[in-house]
Amino acid sequence: MIPIYAQEHDYSKYNVLAVDDIPLNLLLVQKMLTRFKFRIRTAGGGQQALDAVAAEKPDLILLDLMMPGIDGFEVIRRLRADPATAHIRIVILSALNSNEDIVKGFNVGADDFIMKPIIMEKLLTCVVTQMQLVKK
Amino acid sequence: MRKVLIITLFALSAALGLAAQNNPYAIDDECYRYFQESEMLVGKDGFEEASEALMRSAILHNDPKAQTLYYVGRLKDYIRRIPVNTLTTQEQDAEVEKRQKTLMSIAKKTGYKQYYYYAYELVQNYYYNHLKPVRTLEIVQQMQAEAIENKDEYGLWMGNRYMVALYISQNDYINAQKWIAEALRIYEDSQDPTVRRQSVCRLYCDLADTYPVGSDSVRININRAIRRSQVHLDTLRCRYHLAKLSAYEGKIDDYERYRNYCLKDPLISQISRSAIEMFENIDNILKGRPDLVVLNPIENPREVKMVAAIAEANGQVDLALKMQKSLVGFTESSLSISNKSKLSEIDARLGNNALSADLQEKSTKLARVTRLVMFLITFLLLGLVTILTLHIRNLRRSKQRDEQRIVELKEANERVMMADAAKTRFVQNMSHEVRTPLNAIVGFSQLLSLPDGSFSAEEKDEFSAHIINNTKMLTMLLDDILNTSAMDNGNYSIVYEQGECRYMCEAAISSAEHRLQPGVSMRYEPAFEGPFSFRTDPRRVQQIIINLLTNACKHTTEGEIVLSCSLEENPGEVSFSVTDTGPGVPAEQAEAIFDRFTKLNDFVQGTGLGLSICRDIASKMGGRVYLDTTYKRGGARFVLALPIDAPVDNKTN
């Protein structure tokens, strides 16, 4: 289920930030990523996400789009606009599934797009791929 | 005698141009100057040049009247060049008639019909002056006939004037009077402006001359003439007659005053060519010098008659006799003409009467037709105005209707657009709403399906609970959507039976309780003791209350949710109320929240259909669901009010 090359890799030094306004979704993502032993932090909204990034820069952000206040698109825009945070890998996890939303997500600077309901293999593959691209 | 006629007719022609004022012809000033020059030279050398200058000027100033006058001049000039009382050749007559026809055709084209008849007049004079009385009468008859044929009052008037002149010149005063009376009648009855412009003063003067000198009628008619005098020439004519009359009556002072007035005026020659000679004769008689009196009856028989009368009045009987004798001889010589003229008079008279009758009948007919036409026009106009008014009113009404419809359509369009936007929002929202529980179900199921050892038994239990919960949530969501759809299709029934308040409320609470957020409590607190049943659809009531409670749970993060039931809040109704301690509903949203797909907060789960469904069901049961806007203690208070006495029929669709 998990790519062979990823199986023996130590991911503990990677720092992941999951952002979603629905707690259950955050719980689900956490549980799905358990076996990678990432350091996973969570944020319940756009503003909290920006605060968390400011506190400590993550290697990867798993970001929901539809959130009250600052939405996912805006979070990406702001992070990409700041050179200090522009390099952070961002994967969108969203229930929005129209082509426009997907294109818009990539346009503002997302690295990948995963549709809800989340298929676990897809999420893991995507996360591993993104981690490969992060030089550590 | 012929000379007399010439003079009379010349005077008549001059009367057309009357007055010594500047430009009495009302033509262009420059044209008038040339016209005067050419008039002076009529029958003399240099006329051709002067008349050509007039024509050039007339063309230059585009003056049709001046152009007509040019042709008048040409005819007059040719006639004037032939000495009077001579026999004319056929060539001369032909040339005169040629010029007459040219003038007539021009006058017809330019519309100055006075010159049309003036052409007749000139030619008639020409024949008369050249001893062709028959031809003269023929011309008069021709003119009369033409006037009758054309029903032209001016032509008739002119014809009558000639007849008057002819008869007076022949001393046939009886016929002259008849023609004068006829001419007066035409004048008084005429609507023709050309006729109305003519002077009747002259007719009365002529009439005075037809009565025996010394009779009262002479003075009466001269007085009439004075009253009807319009222009300077009229006044002069009256003075001329008054002078003669005064001399006859022996009023020497008056005579001399009038005589001097007449002699001073150069236009006197237009009244009478022999006026100066006549005054000299009268002076000689009055001063007792009868041997100096010149007898020349041909000049003017009327004057000769007058002078004879004056001589008689002054006791010079011999002179008077001599003069009257010469007059008689003159009259006899013209007897043949008189006979001829009598015949023609009868002809003309017949035609005249026929025309008069015709004209009268025609005018009566015309008046009748005019009245009818006026009536018809008035009627038509009234009809038209009415139709227009109605049409305008209709237009205005339909415009109002259109405007109203436009407003209605705009409103409808706005509603449709809003509904459409709401629907679009709903679909997007539903996608999110459905995917959220689905995400949990799919996600946790995947975790459960991982090989043993991945998660502890407790964790697996937790995952299962999440799956079950979210499945329920998804089911409810689907129920909402299906309910709405069912209601839209009309497949929706209310089944009436007895519903007990406490039972329905507690069942609703037990169904909604699990949605309470941590730290929030829910209770039932009726406003009355004991059980209360009423005729309703208990399942629908529970459905609405559960919906209201669920909404309260979603929005209440602390405090409590109270369900109550009252029989007094709305008399005649059972009122269920759900009061929460959540953020409440802004007053301006009190109604909007009942619209389909409208959600106060997009991030609170739900379809936005719940309240809309509640309201629909309540209204089917004859009740209502509303936000209690008087509730101001923080949070929201929704009320379901249902009639205690529900309709008898079991089923309502």
Report summary line: Counting only residues in the range B:492-537 that are among the acidic types (Asp, Glu) and touching a strand residue (DSSP E or B) at 6+ places or on another chain (Cβ under 9 Å), the one surrounded by the most Cβ atoms within 10 Å (Cβ to Cβ) is identified as B:Asp537
Report task. Take the residues in the range A:45-73 that are surrounded by fewer than 16 Cβ atoms within 10 Å (Cβ to Cβ) and either assigned to a strand (DSSP E or B) or not polar (S, T, N, Q) (or both), then tell me which one is modelled with the lowest pLDDT. Result -> A:Pro68
Query - Residue within the range B:417-435 that is of a type in the set (Gly, Ala, Ser), exposed (fewer than 15 other Cβ atoms within 10 Å of the Cβ), not in a helix (DSSP H, G or I) and not assigned by TED's automatic domain parsing to the domain that holds B:Ser533 present - result: no
Query raised in the report: Do we find that B:Thr436 is among the polar types (S, T, N, Q) and within 19 Å of A:Leu24 (Cβ to Cβ) in this structure?
Result: yes
Query raised in the report: What number of residues within the range A:107-136 are assigned to a helix (DSSP H, G or I), within 14 Å of another protein chain (Cβ to nearest Cβ) and within 30 Å of B:Thr424 (Cβ to Cβ)?
Result: 2
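Restricting to the range B:450-471, name every residue that is part of a helix (DSSP H, G or I) and either modelled with pLDDT under 75 or more than 10 Å from every other protein chain (Cβ to nearest Cβ) (or both).
Of everything in the range B:450-471, those that are part of a helix (DSSP H, G or I) and either modelled with pLDDT under 75 or more than 10 Å from every other protein chain (Cβ to nearest Cβ) (or both) turn out to be B:Ala457, B:Glu458, B:Lys460, B:Asp461, B:Ser464, B:Ala465, B:Ile467, B:Ile468, B:Thr471.
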Query raised in the report: Among A:Ala95, A:Ala81, A:Ala110, which is more than 15 Å from A:Asn15 (Cα to Cα) and loosely packed, with under 13 Cβ neighbours inside 10 Å?
Result: A:Ala81
Report task. Check the range B:527-549 and report whether any residue there is at positive phi and out of contact with any Cys (no Cβ under 8 Å at 6 or more places or on another chain). Result -> yes
Query - Of all residues making up the range A:48-106, the number that are in contact with a Ser or Thr (Cβ under 7 Å, 6 or more places away or on another chain) and away from chain B (no Cβ under 14 Å) - result: 3
Query raised in the report: Which residues, counting only those in the range B:59-116, are in a helix (DSSP H, G or I) and touching a residue at least 60 places away in the same chain (Cβ under 8 Å)?
Result: B:Lys113, B:Gln114
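On the given criteria, is A:Val103 out of contact with any Asp or Glu (no Cβ under 7 Å at 6 or more places or on another chain), assigned to a helix (DSSP H, G or I) and over 21 Å from A:Phe73 (Cβ atoms)?
Numbers: out of contact with any Asp or Glu (no Cβ under 7 Å at 6 or more places or on another chain): yes; assigned to a helix (DSSP H, G or I): yes; over 21 Å from A:Phe73 (Cβ atoms): no.
Taking the combined requirement at face value, the residue does not satisfy it.
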Report task. Can you tell me which residue among B:Leu478, B:Leu474, B:Leu447 is within 14 Å of chain A (Cβ to nearest Cβ), within 30 Å of B:Ala618 (Cα to Cα) and either part of a helix (DSSP H, G or I) or without any contact (Cβ under 8 Å) to a residue 40 or more places away in the chain (or both)? Result -> B:Leu474
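The values are calculated or read from the model by the stated rules, or taken from the named source; none is laboratory data. What you see is a predicted model, and the numbers here were worked out from it, not measured in a lab. Methodologically, a virtual Cβ is constructed for each residue, glycine included, from the backbone with ideal geometry; neighbour enumeration extends over all protein chains shown.
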